[in-house]
Amino acid sequence: MQHNSFRENVLAVVRNIPKGETLSYKEVAEVAGNPLAARAVGSIMRTNWDPDIPCHRVIRSDGKLGGYNRGVEKKRQRLRQEKAI
DNA sequence: GAGCTGACATGTT
DNA sequence: CAACATGCCAGCT
């Protein structure tokens, strides 16, 4: 199975995150198949500009939001709308 | 084709 | 308490 890259896997996982729920970069990396690739997940999300992939639902394990392509403020607002952080 | 950087995490110094 | 070092993947120079 070499068709599915780690990138595609991560994107699929994030896309499957239900509304009102948040996953940490590490959790996503774990489900994607690499518990040590939390950093890679961030890189992938950064270059991913897809409305089908709610990257704003991916936050840090520390409980902080982390970053966002369109601005951390936007990420915070979106989470506020969905899960009222 | 090789090296550096980056939306992270964890352990050690 | 903070800074440094290591591990992973993708993208850019």
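The values are calculated or read from the model by the stated rules, or taken from the named source; none is laboratory data. Nothing here was measured: the structure is a model prediction, and the numbers come from that model. Glycine also receives a Cβ, built like all others from the backbone with ideal geometry; neighbour counts cover every protein chain displayed.
Only residues in the stretch A:3-31 that are without any contact (Cβ under 8 Å) to a residue 40 or more places away in the chain count as the first member; pair them with residues that are among the hydroxyl-bearing types (Ser, Thr, Tyr) and within 13 Å of DNA strand B (Cβ to nearest atom), Cβ under 8 angstrom, at least 6 apart or cross-chain, and list the lot.
The qualifying pairs are A:SER24/A:SER61; A:LYS26/A:SER61; A:GLU27/A:SER61.
If A:TYR68 satisfies all but one of (1) in contact with a His (Cβ under 9 Å, 6 or more places away or on another chain); (2) within 13 Å of DNA strand C (Cβ to nearest atom), what's the number of the condition it fails?
Result: A:TYR68 passes all but (2).
Residue check, A:GLU27 against (1) at pLDDT 95 or above; (2) loosely packed, with under 12 Cβ neighbours inside 10 Å, all met but one. Which one?
Among (1) at pLDDT 95 or above; (2) loosely packed, with under 12 Cβ neighbours inside 10 Å, the lone unmet condition for A:GLU27 is (2).
Any idea which residue in the stretch A:10-24 is nearest to the chain's Cα centre (by Cα), counting only those that are closer than 18 Å to A:ARG76 by Cβ and surrounded by fewer than 12 Cβ atoms within 10 Å (Cβ to Cβ)?
A:GLU21
Yes or no: A:ASN34 within 8 Å of DNA strand C (Cβ to nearest atom), surrounded by 12 or more Cβ atoms within 10 Å (Cβ to Cβ) and under 24 Å from A:GLN81 (Cβ atoms)?
Numbers: within 8 Å of DNA strand C (Cβ to nearest atom): yes; surrounded by 12 or more Cβ atoms within 10 Å (Cβ to Cβ): yes; under 24 Å from A:GLN81 (Cβ atoms): no.
When the stated conditions are applied, A:ASN34 does not pass them.
Looking at the stretch A:48-85, which of the residues that are more than 12 Å from the chain's Cα centre (by Cα) and of a type in the set (S, T, N, Q) is farthest from DNA strand B (Cβ to nearest atom)?
Only one residue fits best here, namely A:GLN81.
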